[in-house]
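S.K.: Here it is, the structure, as structure tokens.
The values are calculated or read from the model by the stated rules, or taken from the named source; none is laboratory data. Everything quoted here is computed from the prediction, not taken from an experiment. Cβ placement follows ideal geometry from the backbone for every residue including glycine, while neighbour counts extend to all protein chains displayed.
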């Protein structure tokens with residue numbers, strides 16, 4: 001016997017319709033890309049205005065010949081026009097393909113070609129990149145500058161249009177179509193992999209279920225009383241879903257544009273009363289440094305989620321002690337839309353000692369309903385949730401990839417997606433990521449966690465950033481080597497830093513050498529590039545490692 005309830009598809013356009021009706025006056029603030037001064041640097045409107053412009057844009061896409069299922073590319077930062085595209089493209093039945101402009105032109109061109117993007121929208125300050133891409137992407141029919149006619153660049157061969165003229169030619173008399181919720185809505189490509197990136201094609205259903213879960217109190221915990229600013233870019237796993245959570249719960253939404261330096265972010269946080277944010281550790285490090293140097297106070301800012309790579313305990317402590325901000329570690333992947341877990345406390349936290357509570361707060365957290373997890377050994381046998389057994393982390397869920405875009409094979413193993421992370425899980429489901437499977441160091445048949453060594457190094461008062469890689473060793477197979485960036489004006493010797501590990505780890509875990517550098521290489525999404533570090537240093541065997 002079936003239930004007798006209405007059957008309404010979960011569609012992205014329904015989020016926008018809800019926001020227009022129930023949060024229509026809620027403000028959306030964006031730092032503009034065009035040259036401007038004073039108040040003109042920021043664009044302000046609300047969900048009702050965004051909804052009208054999204055409907056105009058949906059009609060404009062039709063005039064460009066875009067049909068349901070067609071891919072529409074974007075090269076854009078976090079701004080109001082990009083947000084309009086999120087809803088106009090997916091809501092009309094097409095697929096939005098957000099592209100990271102920090103990648104090499106050849107990488108971007110490959111993704112545009114693989115996705116078969118027919119139209120490409122780009123921010124004004126990326127016109128130089130577009131000029132390089134045009135001869136590499138002959139299948140793109142239109143290149144639309146996300147600005148007005150007065151600022152539109154003249155790029156040879158672009159069949160150029162400007163965004164505002166496209167909208168001005170249409171009215172907002174448009175009805176969002178109704179279709180199957182399993183239809184594709186958005187396309188993102190993985191980063192940091194060897195070989196070509198892999199496309200992850202999200203459906204309307206998966207996106208809305210992810211949206212519901214991410215808004216839960218024990219996930220991002222957002223409400224209509226918040227003011228939220230995603231530092232994580234809208235081209236990186238859909239800004240961790242926040243452009244969809246915003247209309248669901250109706251918080252004030254602040255979009256920082258391309259300015260992600262400490263000064264620009266602190267200005268927005270302070271002036272707009274931001275209460276919540278999300279971003280990768282490297283951005284938080286820059287913001288912390290600026291706040292320290294300038295004595296910046298951010299009284300409204302209460303909580304932030306940190307993901308993308310492991311949160312150093314020293315960073316979490318500094319945010320709490322110096323700025324009064326609670327930093328919550330989270331974990332996920334492009335293949336997971338991306339939410340996999342968030343560290344929010346349970347009632348059992350209260351019974352822990354202060355030391356145990358601090359240790360528990362550094363874990364990657366526990367999954368929301370909708371994600372199932374397990375760890376397995378090298379033979380695929382499931383391991384216990386005791387907080388001690390360590391194995392490969394596998395996931396299942398309603399917003400987890402089943403197959404990569406345009407791939408004939410599935411990455412799943414017996415219905416589970418292998419994340420590539422090594423982890424422990426405790427009795428309450430809290431995940432502790434101990435390493436990436438490709439980064440863990442095997443020395444003399446035993447495992448060494450690069451993450452733990454990095455976190456300890458970054459706790460040293462003279463260190464601002466650190467990474468650990470494996471170097472080949474004739475006796476022990478692999479040994480850890482530490483690559484370090486010191487704080488400005490600080491001097492630190494190799495021996496002094498290695499002594500800092502004494503008593504904190506097993507002696508044999510201590511890195512064999514330290515390489516001091518001015519900066520670490522980062523991927524296009526802000527993570528430390530272990531791949532690049534291995535290319536630079538993996539074969540540079542230090543003399544100490546030969547003993």
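S.K.: Pick from region 292-305 the residues that are at pLDDT 95 or above and in contact with a helix residue (DSSP H, G or I) (Cβ under 6 Å, 6 or more places away or on another chain): which of them is surrounded by the fewest Cβ atoms within 10 Å (Cβ to Cβ)?
M.R.: Among residues in region 292-305 that are at pLDDT 95 or above and in contact with a helix residue (DSSP H, G or I) (Cβ under 6 Å, 6 or more places away or on another chain), the one surrounded by the fewest Cβ atoms within 10 Å (Cβ to Cβ) is 298.
S.K.: Here is a follow-up. Among the residues of region 334-341, is there at least one that is surrounded by fewer than 18 Cβ atoms within 10 Å (Cβ to Cβ), touching a residue at least 12 places away in the same chain (Cβ under 8 Å) and either more than 22 Å from residue 523 (Cβ to Cβ) or touching a strand residue (DSSP E or B) at 6+ places or on another chain (Cβ under 7 Å) (or both)?
M.R.: no
S.K.: Just to be sure before I move on: is residue 72 farther than 27 Å from residue 269 by Cα and in a strand (DSSP E or B) in the structure I sent?
M.R.: yes
S.K.: Please specify each residue of region 359-398 satisfying the condition of being free of Cβ contacts under 8 Å to residues at least 12 places away in the same chain and within 24 Å of residue 304 (Cα to Cα).
M.R.: 359
S.K.: Taking the options 13, 30, 90, name whichever one is more than 30 Å from residue 129 (Cβ to Cβ) and surrounded by 16 or more Cβ atoms within 10 Å (Cβ to Cβ).
M.R.: Details: 30 fails: more than 30 Å from residue 129 (Cβ to Cβ); 90 fails: more than 30 Å from residue 129 (Cβ to Cβ).
The unique qualifying residue is 13.
S.K.: Taking the conditions exactly as written (buried (at least 18 other Cβ atoms within 10 Å of the Cβ) and out of contact with any helix residue (DSSP H, G or I) (no Cβ under 8 Å at 6 or more places or on another chain)), does residue 425 satisfy them or not?
M.R.: yes
S.K.: If you don't mind, another one. Residue 61 - would you say it is touching a strand residue (DSSP E or B) at 6+ places or on another chain (Cβ under 9 Å), surrounded by 20 or more Cβ atoms within 10 Å (Cβ to Cβ) and closer than 30 Å to residue 137 by Cβ?
M.R.: Answer is yes for this residue.
S.K.: Which members of region 169-183 meet the condition of being within 33 Å of the chain's Cα centre (by Cα) and more than 30 Å from residue 401 (Cα to Cα)?
M.R.: The answer is 172, 174, 175.
S.K.: Another question about this same structure. Is there a residue in region 519-529 that is buried (at least 18 other Cβ atoms within 10 Å of the Cβ), in contact with a strand residue (DSSP E or B) (Cβ under 6 Å, 6 or more places away or on another chain) and more than 30 Å from residue 231 (Cα to Cα)?
M.R.: Looking through region 519-529, none of the residues is buried (at least 18 other Cβ atoms within 10 Å of the Cβ), in contact with a strand residue (DSSP E or B) (Cβ under 6 Å, 6 or more places away or on another chain) and more than 30 Å from residue 231 (Cα to Cα).
S.K.: Can I ask one more? Checking the structure you have, find out if any residue of region 272-287 is in contact with a helix residue (DSSP H, G or I) (Cβ under 8 Å, 6 or more places away or on another chain) and over 26 Å from residue 363 (Cα atoms).
M.R.: For region 272-287, residues in contact with a helix residue (DSSP H, G or I) (Cβ under 8 Å, 6 or more places away or on another chain) and over 26 Å from residue 363 (Cα atoms): absent.
S.K.: Looking at 127, 152, 156, 145, can you tell me which residue is in the same structural domain as residue 80 (by TED's automatic domain parsing), surrounded by 14 or more Cβ atoms within 10 Å (Cβ to Cβ) and farther than 26 Å from residue 49 by Cβ?
M.R.: Of 127, 152, 156, 145, the one residue that is in the same structural domain as residue 80 (by TED's automatic domain parsing), surrounded by 14 or more Cβ atoms within 10 Å (Cβ to Cβ) and farther than 26 Å from residue 49 by Cβ is 127.
S.K.: Okay, next question. Name the helices (runs of 4 or more DSSP H) wholly within region 188-299 that hold at least 3 residues that are in the same structural domain as residue 26 (by TED's automatic domain parsing)?
M.R.: By residue number, 204-214.
S.K.: Can you give me the ranges of the strands (runs of 3 or more DSSP E) entirely in region 359-440 with at least 3 residues that are closer than 17 Å to residue 198 by Cβ and not assigned by TED's automatic domain parsing to the domain that holds residue 185?
M.R.: Hits in region 359-440: 417-425.
For every residue, the table says whether it meets (1) surrounded by 18 or more Cβ atoms within 10 Å (Cβ to Cβ); (2) closer than 30 Å to residue 8 by Cβ.
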| residue | (1), (2) |
| --- | --- |
| 138 | no, no |
| 163 | yes, no |
| 171 | no, yes |
| 177 | no, yes |
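S.K.: Give just the number: which of (1) part of a loop (DSSP other than H, G, I, E, B); (2) over 22 Å from residue 253 (Cβ atoms); (3) in contact with a strand residue (DSSP E or B) (Cβ under 9 Å, 6 or more places away or on another chain) does residue 33 not satisfy?
M.R.: (2)
S.K.: Name the residues in region 484-504 that are in a loop (DSSP other than H, G, I, E, B) and within 17 Å of residue 453 (Cβ to Cβ), would you?
M.R.: 492, 500, 501, 502, 503, 504
S.K.: Right, another one. Here is a list: 459, 467. Which entry is surrounded by fewer than 21 Cβ atoms within 10 Å (Cβ to Cβ), in contact with a helix residue (DSSP H, G or I) (Cβ under 9 Å, 6 or more places away or on another chain) and in the same structural domain as residue 532 (by TED's automatic domain parsing)?
M.R.: Numbers: 467 fails: surrounded by fewer than 21 Cβ atoms within 10 Å (Cβ to Cβ).
Of 459, 467, the one residue that is surrounded by fewer than 21 Cβ atoms within 10 Å (Cβ to Cβ), in contact with a helix residue (DSSP H, G or I) (Cβ under 9 Å, 6 or more places away or on another chain) and in the same structural domain as residue 532 (by TED's automatic domain parsing) is 459.
S.K.: Right, here's the next one. I need the full set of residues from region 104-124 which are surrounded by fewer than 21 Cβ atoms within 10 Å (Cβ to Cβ), modelled with pLDDT of 95 or more and assigned to a loop (DSSP other than H, G, I, E, B), in order please.
M.R.: Scanning region 104-124 gives a single hit, 116.
S.K.: Continuing with this model, one more query. What about residue 83, is it closer than 14 Å to residue 72 by Cα, at pLDDT 95 or above and assigned to a strand (DSSP E or B)?
M.R.: no
S.K.: For the list (1) surrounded by fewer than 18 Cβ atoms within 10 Å (Cβ to Cβ); (2) more than 30 Å from residue 521 (Cα to Cα), I need the number of the one condition that residue 211 fails.
M.R.: Going through (1) surrounded by fewer than 18 Cβ atoms within 10 Å (Cβ to Cβ); (2) more than 30 Å from residue 521 (Cα to Cα) one by one, residue 211 breaks only (1).
S.K.: Would you mention how many residues in region 441-469 are part of a loop (DSSP other than H, G, I, E, B) and more than 24 Å from residue 535 (Cβ to Cβ)?
M.R.: 6
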